[in-house]
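A short write-up of the structure that comes next.
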Amino acid sequence: MATVELERLVKRYGPIEAVRAIDLTIADGEFVALVGPSGCGKSTTLRMIAGLEEISSGAVRIGGEVVNDLPPRSRNISMVFQSYALYPHMSVRENLGFSLKVAKRPQAEIDRRVAEASDILHLNELLDRRPSQLSGGQRQRVAMGRAIVRKPEVFLFDEPLSNLDAKLRTQMRTEIKLLHARVPSTVVYVTHDQVEAMTLADRIVIMRDGLIEQVGTPDEVFRRPATRFVGAFIGSPTMNIVDADIVDGRIVFPNGDWLPVPDRFVGARLGNRCGLGIRPDDVYPTGHGLPSAAGSQVVEREAIVSVIEPLGNETLVFASYGGHDWVARMLNPSPLEPGRPIAMSFDLAKAHLFSTDHGRAIEPTGG
Amino acid sequence: MKSLRLGTPFLLLLPAIVVLLATVALPLALSFYSSLTPFKLTRPETLWVFVGARNYVNAFTDPVFWAAFGRTVLLLTVALNLEMLLGLGLALLMERVTRGQRLLRTLMMFPMMFSPILVGFQFKFMFNDNVGLINNALQSLGITDAAIPWLINGTLAFIAIVTAEVWSSTPVFAILILAGLLAMPREPIEAAKVDGCTPWQSFRYVTWPFIMPFAYIAMTIRSLDVGRAYDIVKIMTDGGPARRTELIWTLVARTAYSDARMGAANAMAYASIALSIVFTVYFFRKLAAARTQIAAEW
């Protein structure tokens, strides 16, 4: 195990900066997820840590040592690729033992460590097959097995689950979590799926356009998004964010409807326009929300139901207020009809306000 | 009516059957038959004298034939291996080129654009012991005073022929192997780097298995080419001096057209075709095995 530090790390492709001077410190044994939309620089960052991509400027340190000029083989890392990148001409056994074979380890040790890895990942039945004879999930497990056989300082995962179907992805997600518990290790995990990032990581790094938007625990990035982008990116369904004017302590929507400025923002410097963000959990048809916790500030408004998406245990209700379709999560579903007005509760104690200038979250004054 | 309906498929295929019979089956049968006669072009009536396998027995007991046969196999082995190594090297270098690769690819294929006859003439000139470029260069550089008898000494002449052959056909290997390199997925190589491979190990264990099928395709094509080698040798040495560079096909051509012994020549030609078939089958087996190994989907 080792720490990983990125210092003013830059990747340039010609005039384009794919990664723009990011700083990040990953602790020994920590599981960190890099998450963001495609093109945000997360994979490039991972590949720079791996040594597969040259570093334009800045430094990567593994275990305190600068590795900028070391080839991948000298960095003591393992990587699991999106496409698995198994060696098609080798059996599963040979794939698993390959890194030890090229390191010229004795055969007995190779056999022992391959057996260990295949026990952990339930690959024993498959050891003599070729990758082409395996299913997607099995290939994925072989790829992970190949990574753990090496006993590296750092594990790097590059969107390892994105080629699997939804059911298998959930299953493998759990397996990765169990694996990390069994094989303590420093992990850098790249994904575009915020659910994967939230469920797996100790800390999440949200990236956009080559910059880090926020670093925090899953709970922090969910409850206190630092920017409007993070607010919209984390959480499912997506946070409702509506631009509105601030007039006399009111948040006024373009059509004249309004909500009061949440109590905890009274006195904050709001300017005269901001983005109001409320998660679908915090807006609900009155009487169908979460049991209201202490310190809630519920405001009721009449909204027009537009679409209903029943999910069984809960129902997503899209209802129009202030010229915007709000997504609301309705617990204990009851029949609703599109086009009918209903009473909607907005829990403003959980609302977020974002600056319309630079998208940063506005600091609350209290509450 | 019924017989006509049965005949329709046959009638529709008839033009193709006629063409195939006239251009392939008939000449093949005729040439095979003539290999069983003492047929001489100057005495047409000999076509009707049946001598059984005598031409084959003669050829297979003739040291001149076996020398030519052996030399052809040697040329195949030496030229193919050299072309393979050089072509592989060229392809690996070419794959690294980031700018102007298309232009370089075209340049690389230049030797393939010349007729082998002209290549033969050019190399005959270059290897000429008096006015040739090679001796001239060697002497100017002070490496030797003597005029090296390139095309006169048997071994040197063979080397000269191999050089011409390799120069003109290395691009076949280079271009096919380059195609293989460009087609192979990048991730396994990256995985190998991360797995601790040195550049040589990544090549040996990952890249090479991927491009092996392409190398075998080039081998197959080139083994047929070299198996029928005639033009370059005809021009450079004409099988000489004193048959020291005689190959199967220069021998066949000499027997057929200089000596007019068509029957005997046909017998030798069939032996050569058997050789080519053996090589082709061998390389195709290798190709199939290599493809299965990397689970190729093509």
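The values are calculated or read from the model by the stated rules, or taken from the named source; none is laboratory data. This structure is a prediction, so every number in the text was calculated from the model and none was measured. Counting neighbours? That spans all protein chains shown, and the Cβs are built from the backbone with ideal geometry, glycine included.
Computed quantities for the displayed model
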quantity: Among (1) crowded, with 19+ Cβ neighbours inside 10 Å; (2) assigned to a helix (DSSP H, G or I); (3) among the charged types (D, E, K, R), the one test that A:GLU220 misses; calculated: (1)
quantity: Any hit, the stretch B:125-134, residues being away from every other protein chain (no Cβ under 14 Å) and among the β-branched types (Val, Ile, Thr); calculated: yes
quantity: Filtered residues of the stretch A:33-56 (kept if within 15 Å of A:GLN82 (Cβ to Cβ), within 14 Å of another protein chain (Cβ to nearest Cβ) and out of contact with any helix residue (DSSP H, G or I) (no Cβ under 7 Å at 6 or more places or on another chain)); calculated: A:SER43, A:THR44, A:LEU46, A:ARG47
quantity: Options A:LEU52, A:LEU70: the member that is more than 17 Å from A:ILE22 (Cβ to Cβ), free of Cβ contacts under 8 Å to residues at least 60 places away in the same chain and within 24 Å of the chain's Cα centre (by Cα); calculated: A:LEU52
quantity: Pairs where the first residue, in the stretch A:11-22, is surrounded by fewer than 19 Cβ atoms within 10 Å (Cβ to Cβ) and the second is modelled with pLDDT of 90 or more and β-branched (Val, Ile, Thr), C-beta under 8 Å, 6+ apart; calculated: A:GLU17/A:VAL10; A:ARG20/A:VAL10; A:ALA21/A:VAL10
quantity: Looking only at the stretch A:84-112, and only at residues there that are aliphatic (A, V, I, L, M) and more than 11 Å from chain B (Cβ to nearest Cβ), the one that is nearest to A:GLU159 (Cα to Cα); calculated: A:VAL92
quantity: Test: residue in the stretch A:57-78 that is under 19 Å from B:ASP195 (Cβ atoms), within 10 Å of chain B (Cβ to nearest Cβ), among the polar types (S, T, N, Q) and surrounded by 17 or more Cβ atoms within 10 Å (Cβ to Cβ); calculated: yes
quantity: Residue match in the stretch A:133-144 (condition: within 14 Å of chain B (Cβ to nearest Cβ) and surrounded by fewer than 16 Cβ atoms within 10 Å (Cβ to Cβ)); calculated: yes
quantity: Single residue of the stretch B:192-208 satisfying the filter (at the interface with another protein chain (Cβ under 9 Å from one of its Cβ atoms) and free of Cβ contacts under 8 Å to residues at least 12 places away in the same chain) that is surrounded by the most Cβ atoms within 10 Å (Cβ to Cβ); calculated: B:ASP195
quantity: Residue match in the stretch B:116-124 (condition: aliphatic (A, V, I, L, M) and outside any helix (DSSP H, G or I)); calculated: no
quantity: Residues of the stretch B:139-158 satisfying the condition of being outside any loop (DSSP other than H, G, I, E, B) and among the aromatic types (Phe, Trp, Tyr); calculated: B:PHE158
quantity: Residues within the stretch A:68-81 that are touching a helix residue (DSSP H, G or I) at 6+ places or on another chain (Cβ under 8 Å) and either outside any loop (DSSP other than H, G, I, E, B) or closer than 24 Å to A:THR191 by Cα (or both), tallied; calculated: 8
quantity: Meets criteria (surrounded by 15 or more Cβ atoms within 10 Å (Cβ to Cβ) and touching a Gly at 6+ places or on another chain (Cβ under 8 Å)) for A:ALA303; calculated: no
quantity: Matching entry among A:ARG208, A:ARG264, A:ARG173 (being in the same structural domain as A:ASP119 (by TED's automatic domain parsing) and touching a Gly at 6+ places or on another chain (Cβ under 7 Å)); calculated: A:ARG208
quantity: Test: residue in the stretch B:280-294 that is without any contact (Cβ under 8 Å) to a residue 12 or more places away in the chain and within 30 Å of B:THR42 (Cβ to Cβ); calculated: no
quantity: Unique residue being in a loop (DSSP other than H, G, I, E, B) and among the hydrophobic types (A, V, I, L, M, F, W, C) when the list is B:ALA229, B:ALA290, B:ALA265; calculated: B:ALA229
quantity: Residue in the stretch A:228-244 that is among the small types (Gly, Ala, Ser), in a strand (DSSP E or B), assigned by TED's automatic domain parsing to the domain that holds A:LEU164 and surrounded by 15 or more Cβ atoms within 10 Å (Cβ to Cβ) present; calculated: no
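To keep it simple, each residue is scored yes or no on (1) in a helix (DSSP H, G or I); (2) at pLDDT below 95.
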| position | (1), (2) |
| --- | --- |
| A:LYS167 | yes, yes |
| A:THR170 | yes, yes |
| A:ARG173 | yes, yes |
| A:LYS177 | yes, yes |
| A:ALA181 | yes, yes |
| A:PRO184 | no, yes |
| A:VAL195 | yes, yes |
| A:ILE204 | no, no |
| A:VAL215 | no, no |
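Residue-wise test of (1) in contact with a His (Cβ under 8 Å, 6 or more places away or on another chain); (2) at pLDDT below 90.
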{"position": "A:GLY289", "(1), (2)": "no, yes"}
{"position": "A:ALA303", "(1), (2)": "no, no"}
{"position": "A:GLU309", "(1), (2)": "no, no"}
{"position": "A:VAL317", "(1), (2)": "no, no"}
{"position": "A:SER334", "(1), (2)": "yes, yes"}
{"position": "A:GLU337", "(1), (2)": "no, yes"}
{"position": "A:SER345", "(1), (2)": "no, no"}
{"position": "A:ALA351", "(1), (2)": "no, no"}
{"position": "A:THR365", "(1), (2)": "no, yes"}
